[in-house]
Amino acid sequence: MARTRRMRAFAMLGALLTFATLLTGCSSGFAGLRLRIAAGNSGGVYDKLAQTLATAWQSDLDIDRPLVLQTQGSPDNVDRVLAGTADVGFVAADVAADEYKKNPRLATLARIHDDYLHIVVRTDSPIHTVDQLKGRRIAIGSPASGVEYIASKLLQAAGLTGSVSTTTRGLDDSVAALLRGDIDAFFWSGGLPTPSIARYNDQKSLRLLDIADLMPKMQEINQVYGTASIPASTYEQSGPVTTLLVPNFLVVPESMPEDVAEALVSGLFAARAQLAKANPAALSIDVHPGIETQPIPLHPGALRYYRSQKD
C-alpha cells in the first residue's frame, strides 16, 4: 500500500514537472511587454520598416503587436524616446549624435541602413554647383524632419544660411513643385534609388548636384557623415555624383532592460528577409555593420547579442 502511494506521488510530481516545463517553453518571458516604435510619415521608409518589424517582434517575443507611431521624423523620434513616449526610434545618425552630446541617456540597438543626400535641380537649370543656390528658392524636407536637419547643416557649410529662400515640403510635393518651377532645388536624404526621383527621371527631368568640395566641412560639423558616390546609372545622370552618406540607427533609452534589448536585436536580424521586401534599403542590414553606431554606445543587451554571434 505504502509503495503504491509512493509511486502515485512520484507520478504526480513528474506530471507537475512536465507541466511546468511546458509552461516555461510556451512563455517568451516578455508577457505584458508593450512597445511603441517612433517611425515617421505614413508610407515612408521608416514607417514601412517599422510596420514589418512590429509584426516580427510580435511573433518573436510573443507579445502584443508594438504600436507604430506616425511622427515628423528623426528629431521627433529621438525626442519621444528620451521623453519616454516611445520605446524604440528610427533616427538618422547625425540627429542622434547631436542629441547624445546633450543627453547621454540614449543607446542604440543597431545601425540599420544608410541614406544618401540628394540635392536636386531640373535638368535644364542653370544651377550646377551648391554656391549657385544663393538667392534661390529651395525645399528642405518636411518640417522637423531629418532632411531639414541635414539641409540646414549643408547650407551652413556652404555659407548660404540666410541667403536662400527655404520652404518645408515632403518629397513628392518637392518633386512636383520643382517641375512646376515653384522652387529651384530641393533636398532629400534617402536610399538608392529613391523611387519618386527615379520615376520622374525616366524622362530625364532631374539632375543631382555634386558636393565633393563641401564634404570636409560637413565632416567637421558631424563625424558621422561619410562621403559616397551615386553612380550615374542610378538616375541616368551624365556621370557619378559625390554626396554625403548618413547612417540610420535604432535607438532606445539606456534604461531598457537588457533582456528586452537583446531580444529586439535578435528579432531585427531574424526579420531581414521580410524587411528587405518592405523596402530595399533594408538589404544592407547585417550584423557586422550593425555594431557601427559610434559615437552612441550600443545598449548592453544589444552588445550581448553581438558577442554571442562570435561564438
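The values are calculated or read from the model by the stated rules, or taken from the named source; none is laboratory data. Note that the structure is a prediction, hence the values are computed from the model and not measured. Using ideal geometry, Cβ is built from the backbone for each residue, glycine included, and neighbour counts are taken over all protein chains shown. SASA here: full protein model, heavy atoms, side chains in, ligands and nucleic acids out. Shrake-Rupley method; radii C 1.70, N 1.55, O 1.52, S 1.80 Å.
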Where does each of Ser238, Ser59 land when they are ordered by accessible area, with a 1.4 Å probe and the largest first? Ser238, Ser59
Taking only Cα atoms, what is the 0 to 90° angle, nearest 10, from helix 2-26's long axis to the longest principal axis of the chain? 0
Enter the angle in degrees (range 0 to 90, nearest 10) between the Cα long axis of helix 146-157 and the first principal axis of the Cα atoms of the chain, meaning the one along which they spread out most. 40
Cα axis of helix 74-83 to longest principal axis of the chain: angle in degrees, 0 to 90, nearest 10? 40
Approximate shape of the stretch 94-221 as ellipsoid semi-axes (Cα gyration tensor, √5λ), whole Å, largest first: 26, 17, 13
Environment charge at Gly89 (Cβ cut-off 15 Å; Lys +1, Arg +1, Asp -1, Glu -1): -4
Consider all pairwise Cα distances in the stretch 220-271 and report the whole-number % of them above 14 Å. 69
Simple Cβ-charge dipole of the chain, Lys/Arg +1 and Asp/Glu -1, about Cα centre, in debye nearest 20: 1100
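What does the C-alpha gyration tensor say about the overall shape of the stretch 188-304? Classify as rounded when a/c is under 1.5, otherwise prolate if a/b is larger than b/c, or oblate. All intermediate terms of the calculation are to be shown ahead of the outcome.
Values: a/c = 3.36, a/b = 1.67, b/c = 2.02.
Here the stretch 188-304 falls in the oblate category.
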Which pairs, out of Lys101/Lys217; Lys102/Lys217; Lys101/Lys153; Lys102/Lys153; Lys153/Lys277, put more than 26 Å between their alpha-carbon atoms? Lys153/Lys277
Running a GNM on the chain with Cα contacts under 10 Å, which residue among Leu214, Leu245, Leu268 ends up with the highest mean-square fluctuation? Leu214
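For the chain, how big is the tail of P(r) above 26 Å, as a whole percent of Cα pairs?
50
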Only Lys, Arg (+1) and Asp, Glu (-1) charged, at Cβ; the stretch 80-168 dipole about Cα centre in debye: 200
Taking only protein heavy atoms and a 1.4 Å probe, what accessible area per residue, in Å², does the chain have with all protein chains in place? 47
Solvent-accessible surface ranking, highest first, for Arg111, Arg122, Arg199 at 1.4 angstrom: Arg199, Arg122, Arg111
Calculated SAXS-style log₁₀ I(q)/I(0) at q = 0.31 Å⁻¹ - the stretch 37-83, Debye, Cα scatterers: -1.03
